[in-house]
Amino acid sequence: MSSDPRFHGAVKRLKQIPKVYMVLSSKGGVGKSIVSTLLSYYSSLKNTPTGLLDLDFTNPSTHIILGFRPEELSYREEKGLEPFKIGKLSYFSIISFTKDNPLVLKGEEVRNVMREVLSIVNWVGVQKLFIDTPPGLSDEQLEAIYNLKGLVKPIVVSTPHKLSIQSVSRLVRILRDAGVDEIILVENMGSGELKTFADSEGLKYAGYIPFVEN
Amino acid sequence: MSSDPRFHGAVKRLKQIPKVYMVLSSKGGVGKSIVSTLLSYYSSLKNTPTGLLDLDFTNPSTHIILGFRPEELSYREEKGLEPFKIGKLSYFSIISFTKDNPLVLKGEEVRNVMREVLSIVNWVGVQKLFIDTPPGLSDEQLEAIYNLKGLVKPIVVSTPHKLSIQSVSRLVRILRDAGVDEIILVENMGSGELKTFADSEGLKYAGYIPFVEN
Amino acid sequence: MVHEWALAESIVLFLENNGFRKVKSLKIGLGILQSIDKEIFSFSLQELLREKGLSVEKLEIVDEGAELACHTCGFRWSLSPESMDEAIRESIHFVPESIHAFTKCPRCGSRDFSITQGRGVRIVEVLPG
Amino acid sequence: MVHEWALAESIVLFLENNGFRKVKSLKIGLGILQSIDKEIFSFSLQELLREKGLSVEKLEIVDEGAELACHTCGFRWSLSPESMDEAIRESIHFVPESIHAFTKCPRCGSRDFSITQGRGVRIVEVLPG
Ligand SMILES: Nc1ncnc2c1ncn2[C@@H]1O[C@H](COP(=O)(O)OP(=O)(O)O)[C@@H](O)[C@H]1O
Ligand SMILES: Nc1ncnc2c1ncn2[C@@H]1O[C@H](COP(=O)(O)OP(=O)(O)O)[C@@H](O)[C@H]1O
Ligand SMILES: [Mg+2]
Ligand SMILES: [Mg+2]
Ligand SMILES: [Mg+2]
Ligand SMILES: [Mg+2]
Ligand code: NI
Ligand code: NI
Ligand SMILES: [Zn+2]
Ligand SMILES: [Zn+2]
């Protein structure tokens with residue numbers, strides 16, 4: 001690890017932010033992007049300088065939830081890249097570089113992009129950073145779980161559905177094996193059913209978001 | 001590619017099956033597993049010898065939908081591995097090897113597992129094979145799109161949601177660039193809204209599955 | 001464990017598709033992680049070569065030790081299938097990457113490791129005749 | 001394009017964290033894909049080294065050509081940023097993998113390719129003093 005200079009840059013930048021949350025779930029479609037966007041936006045409204053970083057490079061969607069087109073996002077270069085400002089929210093997504101073009105990345109490349117982004121984006125003054133991630137248990141998650149361990153707190157998202165719970169259980173085992181003590185659980189599209197699951201697994205239950213019709 | 005012997009085995013086995021469908025979507029949670037399981041099970045009920053292969057190694061879920069525990073699945077070795085039989089459905093998932101243990105695989109490893117499985121599982125007599133895949137646009141999808149091109153027909157699953165449509169558009173562009181002409185679209189949790197999208201993108205619209213309350 | 005036939009078949013298809021009809025020497029490595037039955041594998045291979053009308057002058061099948069490497073802490077270790085449970089051994093026999101479901105890095109506990117050697121069947125060398 | 005400062009900072013943090021206080025020679029490769037401004041990068045590096053009290057006797061910064069390789073058909077090709085649109089060039093300047101959004105294999109059209117060389121900034125060699 002430590003032979004990659006960017007890793008040292010990433011660690012320094014993450015250490016400067018008091019609270020970094022990584023929104024994880026090995027299952028897709030459970031609401032990671034909605035949860036990370038809402039939590040960060042809400043936090044920014046409460047006058048906490050907050051950041052949102054989209055690390056789901058193949059399916060970046062936080063900009064859509066926030067209501068921006070890729071061309072509308074821009075960054076300022078200042079000893080790194082300064083995030084885009086949406087009110088009090090600092091925001092970064094590589095969609096502003098890749099636009100709506102398809103981006104196919106192999107595992108190793110995904111790690112490269114993660115390290116590059118984490119080492120150049122300058123979250124000056126941000127007190128809380130939320131990071132959205134892709135589904136799966138592959139290179140992105142490995143990098144986050146093992147190499148950024150201790151620097152980021154996992155927020156695991158699950159729906160009350162059996163398939164989602166099983167997927168989360170496996171993820172929790174991996175996090176525990178990696179020595180992560182504090183794991184936060186957000187229940188999405190539910191009504192509190194996962195509270196007992198959270199208790200039995202020793203997760204910090206943050207609450208639930210009901211299914212919202214649109 | 002051709003320097004990997006397993007690739008040659010995989011091609012031979014896939015060629016022996018008249019129709020191989022790969023259920024794809026770069027977005028998670030849109031219903032790939034439900035769709036591949038239902039399509040294959042339904043086909044088997046109509047007396048077509050049908051197979052279902054679960055290639056979502058980190059989140060295998062077709063066995064749960066089919067109602068089996070990992071321990072209940074078994075294979076017979078006969079010039080390869082003979083799939084598990086569920087009525088007239090031939091079924092294979094590596095969950096029977098990995099049980100409910102978490103399986104973390106890097107991109108290169110995912111390709112290895114895909115090739116190993118495709119080269120040893122013996123779908124003798126199967127006329128239609130449905131393959132479930134993980135979300136994303138990474139090694140699994142690259143292997144399927146570029147290396148198995150011409151041997152598998154893509155079935156793309158999407159919900160009518162904006163995030164899902166955008167994700168599917170990107171996937172369709174990649175498939176088109178790869179020279180794939182026939183792409184089937186299944187609309188899930190919708191009510192026919194995607195018919196016009198399918199037409200405009202030149203996709204073969206297979207129909208929709210409504211949102212089913214449970 | 002007669003899925004060895006399928007493993008041998010891939011090798012023979014590889015030779016056939018690459019236009020090797022007469023092979024002077026063929027060297028195949030069997031990663032010990034997969035506990036391949038060498039006799040059955042070798043028998044299957046020879047049967048298949050005969051069926052296809054391919055000739056191999058010198059056939060060598062060698063074992064290759066298994067080595068794992070941790071990406072988190074850099075530790076390297078080896079594993080022998082004998083030390084494992086029968087059920088686990090069988091899983092790995094069919095799909096070597098199943099090892100990820102049963103092992104962690106013995107030094108740091110990370111699941112972010114790779115099989116760097118001795119994964120499964122591979123062609124080490126093939127010389128046309 | 002002053003994000004060069006951040007790139008240089010990672011190099012300096014690497015040296016610092018690995019206990020290099022006096023370095024005899026440091027060789028850094030700049031992949032041309034990233035169109036790094038060598039002057040700004042070198043200036044930033046020297047500033048940061050001074051700030052941290054690290055000394056480097058011999059500093060060499062070399063360009064590295066960009067090479068891409070297709071995994072589908074095996075084709076290898078090179079790319080120079082000059083041939084690209086300004087906006088694309090800027091994207092790649094920040095994240096070299098953005099190239100995947102704008103290029104396909106010129107021979108077979110596959111998007112399954114890798115940057116095998118000249119991706120970005122890397123330490124080619126560091127010799128302690
Ligand atoms: N609480 C909710 N109520 C209704 N729909 C939701 C809710 N949370 C998420 N969704 C929808 O579910 C889909 C998946 O959400 P998303 O945040 O994209 O998941 P992920 O990022 O985990 O793939 C989206 O279409 C989103 O609009
Ligand atoms: N038509 C539908 N109506 C209601 N729920 C559905 C429908 N299709 C899928 N689901 C639910 O949505 C979730 C995601 O489906 P799944 O097949 O696992 O998606 P994927 O394989 O694409 O990740 C599951 O909880 C599933 O039960
Ligand atoms: Mg998402
Ligand atoms: Mg994956
Ligand atoms: Mg699925
Ligand atoms: Mg991925
Ligand atoms: Ni066997
Ligand atoms: Ni710059
Ligand atoms: Zn380790
Ligand atoms: Zn090519």
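The values are calculated or read from the model by the stated rules, or taken from the named source; none is laboratory data. Computed from a predicted structure; not experimentally measured. A quick note on method: Cβ atoms are made from the backbone with ideal geometry, for glycine too, and the neighbour counts reach across all protein chains shown. Keep in mind that these areas ignore ligands, DNA and RNA; they rest on the heavy atoms of the full protein, side chains included. Shrake-Rupley method; radii C 1.70, N 1.55, O 1.52, S 1.80 Å.
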(request) Let me have the relative contact order for chain A, percent, based on Cα pairs under 8 Å that are six or more residues apart. (result) 28
(message) List the aspartates and glutamates whose Cα sits under 18 Å from the Cα of B:Lys79, skipping any in the same chain fewer than 8 residues away.
(response) B:Glu116, C:Glu4, C:Glu9, C:Asp37, C:Glu39, C:Glu47, C:Glu51, C:Glu90
(request) May I ask for the net charge around C:Ser25, where only other residues with Cβ less than 10 Å from the Cβ of C:Ser25 are counted and Lys, Arg are +1 while Asp, Glu are -1? (result) 0
(request) For the range A:126-197, state which trypsin sites (Lys or Arg not before Pro) are in a DSSP loop and have at most 15 other beta carbons lying within 10 Å of their beta carbon. (result) none
(request) Leaving out ligands, DNA and RNA, calculate the buried accessible area for the pair A and B with a 1.4 Å probe, summed over both sides, in Å² to the nearest 100. (result) 3000
(request) Would you mind calculating the relative contact order of chain C from Cα pairs under 8 angstrom and at least 6 residues apart, reporting the percent as a whole number? (result) 38
(message) How big is the protein assembly as shown along each principal axis, measuring the range of its Cα positions in Å and listing the largest first?
(response) 72, 62, 49
(request) Enumerate lysine pairs in the range C:18-129 that are 8 or more residues apart or on different chains, then count those whose Cα atoms are under 20 Å apart. (result) 8
(message) Please give me the summed charge of the neighbours of D:Leu54: other residues whose Cβ is under 10 Å from its Cβ, Lys and Arg +1, Asp and Glu -1.
(response) +2
(request) For the protein assembly as shown, give the magnitude of the charge dipole about the Cα centre (Cβ charges: +1 Lys/Arg, -1 Asp/Glu; no others), in debye to the nearest 20. (result) 200
(request) First compute the accessible area of chain C with a 1.4 Å probe, then give the percent of it belonging to carbon and sulfur atoms. (result) 47
(request) Between the label point of D:Ile40 and that of the same position in each other copy, find the distances and list them shortest first in nm, with every label point placed 7 Å from Cα along the Cα-to-C-beta direction. (result) 6.4
(request) Over 18 Å, how big is the tail of the calculated P(r) for the range B:53-154, in percent of all Cα pairs? (result) 47
(request) Based on a Kirkwood Rh over C-alpha pairs, give the Stokes-Einstein translational diffusion coefficient of the range D:2-128 at 4 °C and viscosity 1.567 mPa s in µm²/s. (result) 83
(request) For the range C:54-129 and the range B:31-84, write down the distance between their C-alpha centroids in whole Å. (result) 27
(message) Restricting to DSSP loop positions (anything but H, G, I, E, B) with no more than 13 other Cβ atoms inside 10 Å of their own Cβ, which chymotrypsin sites (Phe, Trp or Tyr not before Pro) remain in the range B:155-214?
(response) B:Phe211
(message) If you consider only alpha-carbon coordinates, what radius of gyration and Dmax does chain B have, in Å?
(response) 16.5, 49
(message) Which residue in chain C puts its Cβ closest to the axis that rotates chain C onto chain D, and at what distance in whole Å?
(response) C:Ser114, 9
(request) May I ask you to give the average projected area over all directions of the convex hull of the Cα atoms of the range B:130-214, in nm² rounded to one decimal? (result) 5.8
(request) Taking 7 Å along the Cα-to-C-beta vector as the label spot, tell me the C:Leu59-D:Glu82 distance in nanometres, rounded to one decimal. (result) 5.8
(message) Among DSSP bridges having both ends in the protein assembly as shown, what percentage is antiparallel? Round to the nearest 5.
(response) 35
(request) Name the longest site-free stretch of chain C, where the excluded sites are trypsin sites (Lys or Arg not before Pro) in a DSSP loop with no more than 14 other beta-carbon atoms within 10 Å. (result) C:22-106
(message) Quick check: pseudo-label points 7 Å beyond the Cα along Cα→Cβ at D:Ala69 and C:Lys24, how many nm apart are they?
(response) 2.7
(message) If the elastic network links every pair of Cα atoms under 10 Å, which of A:Met22, A:Met114, A:Met189 fluctuates the most in the Gaussian network model of chain A?
(response) A:Met189
(request) Considering only DSSP beta bridges where both residues belong to chain C, give the percentage that are antiparallel (nearest 5). (result) 60
(request) Quick one: what are the phi-derived ³J(HN,Hα) couplings along the range B:203-212, Karplus 6.51/-1.76/1.60 with θ = phi - 60°, whole Hz, x for glycine and proline? (result) 8, 8, 7, 8, x, 10, 10, x, 5, 10
(request) Please go through the range C:21-129 and write out the GluC sites (Glu not before Pro) that DSSP classes as loop and that have at most 15 other C-beta atoms within 10 Å. (result) none
(message) What is the distance in Å between the Cα centroid of the range B:90-130 and that of the range A:138-209?
(response) 26
(request) Just list whichever of A:Lys88/A:Lys153; A:Lys99/B:Lys162; A:Lys19/A:Lys106 have alpha carbons separated by over 19 Å in the model shown. (result) A:Lys88/A:Lys153; A:Lys19/A:Lys106
(request) Report the residue, chosen from B:Ser40, B:Ser96, B:Ser200, that carries the largest GNM mean-square fluctuation when chain B is represented by alpha-carbon nodes joined by springs under 10 Å. (result) B:Ser200
(message) What is the sum of charges, Lys and Arg at +1 and Asp and Glu at -1, for the other residues whose Cβ falls under 10 Å from the Cβ of B:Tyr91?
(response) 0
(request) For A:Lys195, go through the aspartates and glutamates and keep the ones whose alpha-carbon is under 13 Å away, minus same-chain ones fewer than eight residues off. (result) A:Glu187
(request) Output the antiparallel fraction of DSSP beta bridges having both residues in chain A, as a percent to the nearest 5. (result) 15
(message) Take chain A, mark every one of the GluC sites (Glu not before Pro) that falls in a DSSP loop and has at most 11 other Cβ within 10 Å, then report the longest stretch left between them, sites excluded.
(response) A:1-181
(request) Run through the other copies and list how far each one's label point is from that of D:Lys27, in nm with one decimal, shortest first; the point sits 7 Å from Cα along Cα-Cβ. (result) 3.2
(request) Taking a label point 7 Å out from Cα toward Cβ, give me the nm distances from D:Phe75 to the same spot in the other copies, shortest first, one decimal. (result) 4.6
